[in-house]
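J.: Mind having a look at this structure? Questions to follow.
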């Protein structure tokens, strides 16, 4: 295969493959996310409708209870009802009470199911509505009833209220009309893309339609009782809410089941996916054209790889060996590039060895210099001490004059060592201490931490917390080392907890920082050496993290403690003197 053909094929694959994967992934993610949102909206609306109906049921029951008290308190109605007399006061009672109670359906039935008064249809008087009577007496929830009127029939969301009068149990049946407006209020529609609500009678017939049309709502079926069923029909997401249904407009009413169906069309999702397909298709075409143009330009310049290789070679030096000579080419240029890469790797290894040797030599020279300087400072002090010891043993009375005579030598030696210590102290930077909030630093560490999959990093920070005198950078190094150490100790799912508190101590108030994990823990033998330099329980650990933490804590005047149990986790406790505690201790010392 020629160089031009290889460049052409590689350019097309590199350009189109990621875009195609991105196209498929985005399309699937959009479909999954929006479908889940539609499903959630439908479920939420069904729950709201269920609660609305329950609230309507409670409202109707309260109104019926008030009407029942009114019947018992009206002497004319009460006397006529108990004596079984046909009285205008009874016949007209429901018609007067129904609008006052805000109801669209109201009947008063005696214990045998005979209608004594009807507000929605006065001619219902004396009819035996045994089906309505038995269903409403036995059902505490709402029942969808088709009631008769002079003009035809209407649907009502009804319930019954049983009350006792004269030792007999009468029934008040009342409800509110269910029409298109009622369903629109249940749907709470904000626009054309919102879910819709349909009321289906037995057999899938639209209960509010003028004709007995069967509505095809897809394959999903509702659950019995008041629990909603959820499914997706062709191009729609749906859920159902079952209601008891009684058609009292028929000669022989039978208790059946009606369904409130919430439907959300998936047409907007389909339209969005079509538009996405058009954009992605256009993007693929543009990417293909660009890939062909770039491949043609590259393939016409056969000398370009050699120029690039020469440029990489010119950049090489001992301080910059990060030039990448890797190549997948199988021709002579690829072979030469790989040889250059192998040479660079050998140079890297040699330079690393050389620098390591230089560092060791530097450290050794510094150690020898420190040893030499300290020995020089100790020689006069040792001589004076020996002389004083001899005088104390042989002539104790002369000890004071001899000490006064040699005191200058002692002071000079001590001053030399102090100067030497100051000189070597300048080899490391001095931390800038200022009032620092441990909680702020801990939040920053937790915010920036990289938490492995399945792990959890939480905080339990005490508020308010006294400030400490510390360099925020040093304090962050302490917390960060402990948090990273805890996260690395987790094996699979687990938790690292960062907490703070204020406590009292022998030297004053303390700020206590705890970092606790549920990781693998440390056995007692390793726990004794956990703060030693270059000691680590991790195969790839340097063994410097915890030793640095111990040194930094000590520099801040604090202390660190650790407890661990294999298989149960590890807990680090850092105690730092607060500014208030340090001030109080200083005042006591004065």
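The values are calculated or read from the model by the stated rules, or taken from the named source; none is laboratory data. Keep in mind that what you see is a predicted model, and the values were worked out from it rather than measured. Note: ideal-geometry Cβ built from the backbone for every residue, glycine included; neighbour counts use all protein chains shown.
Each row is one residue, and each column tells you yes or no for (1) outside any helix (DSSP H, G or I); (2) at pLDDT below 90.
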residue	(1), (2)
513	yes, no
520	yes, yes
535	yes, yes
541	yes, yes
546	no, yes
560	yes, no
571	yes, no
574	yes, no
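J.: While we're here: How many of the residues in the range 133-176 are without any contact (Cβ under 8 Å) to a residue 60 or more places away in the chain, assigned to a loop (DSSP other than H, G, I, E, B) and in contact with a strand residue (DSSP E or B) (Cβ under 6 Å, 6 or more places away or on another chain)?
T.: Here the count works out to 0.
J.: While we're looking at this one, here's another question. Can you go through 84, 95, 119, 113 and tell me which one is over 60 Å from the mean Cα position of the chain (by Cα) and without any contact (Cβ under 8 Å) to a residue 60 or more places away in the chain?
T.: 84
J.: Show the residue pairs meeting these rules: Cβ distance below 6 Å; 6+ apart or different chains; first residue within the range 334-359 and over 20 Å from residue 310 (Cβ atoms) and outside the structural domain of residue 310 (by TED's automatic domain parsing); second residue surrounded by fewer than 12 Cβ atoms within 10 Å (Cβ to Cβ) and modelled with pLDDT of 75 or more.
T.: From residues that are over 20 Å from residue 310 (Cβ atoms) and outside the structural domain of residue 310 (by TED's automatic domain parsing), there are no pairs.
J.: Assigned to a loop (DSSP other than H, G, I, E, B) and at negative phi: is that true of residue 181 in this structure?
T.: No, not satisfied.
J.: Residue check, residue 62 against (1) surrounded by 14 or more Cβ atoms within 10 Å (Cβ to Cβ); (2) farther than 30 Å from residue 327 by Cβ, all met but one. Which one?
T.: Condition (1) is where residue 62 drops out.
J.: In the range 243-293, what residues are over 30 Å from residue 194 (Cβ atoms), at pLDDT below 85 and surrounded by 13 or more Cβ atoms within 10 Å (Cβ to Cβ)?
T.: 283, 284, 287, 288, 291, 292
J.: Moving on. How many of the residues in the range 28-59 are in contact (Cβ under 8 Å) with a residue 12 or more places away in the chain and surrounded by fewer than 13 Cβ atoms within 10 Å (Cβ to Cβ)?
T.: 0
J.: So, one more: So is residue 416 touching a helix residue (DSSP H, G or I) at 6+ places or on another chain (Cβ under 8 Å), more than 30 Å from residue 480 (Cβ to Cβ) and modelled with pLDDT under 65 or not?
T.: yes
J.: Please specify each residue of the range 508-518 satisfying the condition of being buried (at least 21 other Cβ atoms within 10 Å of the Cβ) and under 18 Å from residue 438 (Cβ atoms).
T.: Within the range 508-518, 510, 511, 513, 515 meet the criteria.
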